[in-house]
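Peer 1: Structure provided below as structure tokens; questions to follow.
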Amino acid sequence: MEEFSILYEDEDVLVADKLSALPVQPEKSGDASLQDLLRAELAKRPGAGDEPFLEAAHRIDRRASGAIVFAKTRRALETLSADFRERRIDKEYVACVEREPTPAAGRLENRLVWDKRTNVVRAFPLESEEKAAGRVKPAEKAVLDYSLAGKSDRYWFLEVRLVTGRHHQIRAQLSRAGFPIKGDIKYGARRTNPNGLIMLHSRRIAFVQPRTRENIDLLAPFPASEPLWEVYAPPHKAAE
């Protein structure tokens, strides 16, 4: 199974498409990370040195797939990290869910509580804005917008935009709303997927190149190890 592909690269930035269930950066498990694999790839190039600089500017969940931006210089990392922190980078996700969303489009607002011991995030309803103000910690409030973008006989495809960026936010909020992501048994799915991934994909990322200030807008192809993605984006559509 293909682990990653490189979508874009210049002197300062590398954007990879994560295609398998590996962590973005090294973690306690000791498993190889996407960052490790990419560094090893860069080190093979003539004149690269044994340890070329490469650091992820953001993360997605281990069992999610899609576009990840890496900095190839410390200056680029500082700029990209600030852009992510200030939400100047445009990200769009696609989720394949097990139940039909009702309504077909909307905004989800929840209070999230992260149990670090089990690494599970629980989403709770937000009361009226007046009651929530001053009582819900800003770091716990999660907001996303979704819209139905396609369906198969048994599954539905949602396009998701994050208004806030929280740990496991999309997984927890869609589960709380009653439509868990296919393969995500931690958040209510019926079963896992054979490729080890959940069907949550970082589909599009748009940002400004940190040095040249050029606009970069990329689409990340879906993992070929999950044929169901072709229902949402068949080969002819993806090529357009």
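Read-outs: derived from the displayed coordinates by stated rules, not from any lab. Since the structure is predicted, the reported quantities are computational estimates derived from the model, not experimental observations. All Cβ positions, even for glycine, are placed from backbone atoms using ideal geometry, and neighbour counts span all protein chains on display.
Peer 1: I need two numbers for region 95-187: Rg to one decimal and Dmax as a whole number, Cα atoms only, in Å.
Peer 2: 13.4, 44
Peer 1: When the dipole is taken about the Cα centre of region 151-211, and only Lys, Arg (+1) and Asp, Glu (-1) are charged at their Cβ, what size is it in debye, to the nearest 20?
Peer 2: Using Cβ point charges on Lys, Arg, Asp and Glu, region 151-211 gives about 60 debye.
Peer 1: Taking the alpha carbon gyration tensor of region 1-102, what are the square roots of 5 times its eigenvalues, largest first, to the nearest whole Å?
Peer 2: Each semi-axis is √(5λ); the values are 25, 18, 12 Å.
Peer 1: With +1 on each Lys and Arg Cβ and -1 on each Asp and Glu Cβ, and nothing else charged, work out how big the dipole of region 18-143 is about its Cα centre, in Debye to the nearest 20.
Peer 2: With only Lys, Arg, Asp and Glu charged at Cβ, the dipole is about 220 debye.
Peer 1: Take the alpha carbon atoms of region 1-51, find their radius of gyration, then divide it by 2.2 N^0.38 Å using N residues; give the quotient.
Peer 2: Cα-based Rg divided by the globular estimate yields 1.18.
Peer 1: Right, here's the next one. How fast does the chain diffuse by Stokes-Einstein, in µm²/s, taking the Kirkwood radius from C-alpha pairs at 20 °C and 1.002 mPa s?
Peer 2: Translational D for this selection: 114 µm²/s.
Peer 1: Please count, across the chain, the pairs of lysine residues with Cα atoms under 18 Å apart that sit 8 or more places apart or on different chains.
Peer 2: 11
Peer 1: Taking the mean number of other Cβ atoms within 10 Å as a proxy for protection, how do you rank 6-12, 88-94, 180-186 from highest to lowest?
Peer 2: Averaged packing, sorted descending, gives the order 180-186, 88-94, 6-12.
Peer 1: Relative contact order, percent, of the chain when contacts are C-alpha pairs under 8 Å separated by at least 6 residues?
Peer 2: Answer for the chain is 20 percent.
Peer 1: Please give the peptides 44-54, 199-209 ranked by average Cβ packing (other Cβ atoms within 10 Å per residue), highest first, as a rough proxy for protection.
Peer 2: Packing order, densest peptide first, comes out as 199-209, 44-54.
Peer 1: Okay, moving on. Of Asn215, Asn193, Leu38, which is farthest along the charge dipole of the chain in the positive direction, counting Lys and Arg as +1 and Asp and Glu as -1 at C-beta?
Peer 2: Asn193
Peer 1: Hey, got the dipole for the chain? About the Cα centre, +1 on K and R Cβ, -1 on D and E Cβ, debye to the nearest 20?
Peer 2: 980
Peer 1: Determine one quarter of the surface area of the Cα convex hull of region 24-156, which equals its mean projected area, and express it in nm² to one decimal.
Peer 2: Computing the convex hull of the Cα atoms and averaging its projections yields 12.0 nm².
Peer 1: Also: Provide the gained length on full extension for the span Ala32 to Asp10, in nm with one decimal, where the gain is 0.36 nm per separating residue minus the Cα-Cα distance.
Peer 2: Value of the extension gain: 5.5 nm.
Peer 1: Which of the listed residues, Val113, Gly178, Ala123, is farthest toward the dipole's positive end in region 95-187, when Lys, Arg count +1 and Asp, Glu count -1 at the beta-carbon?
Peer 2: Val113
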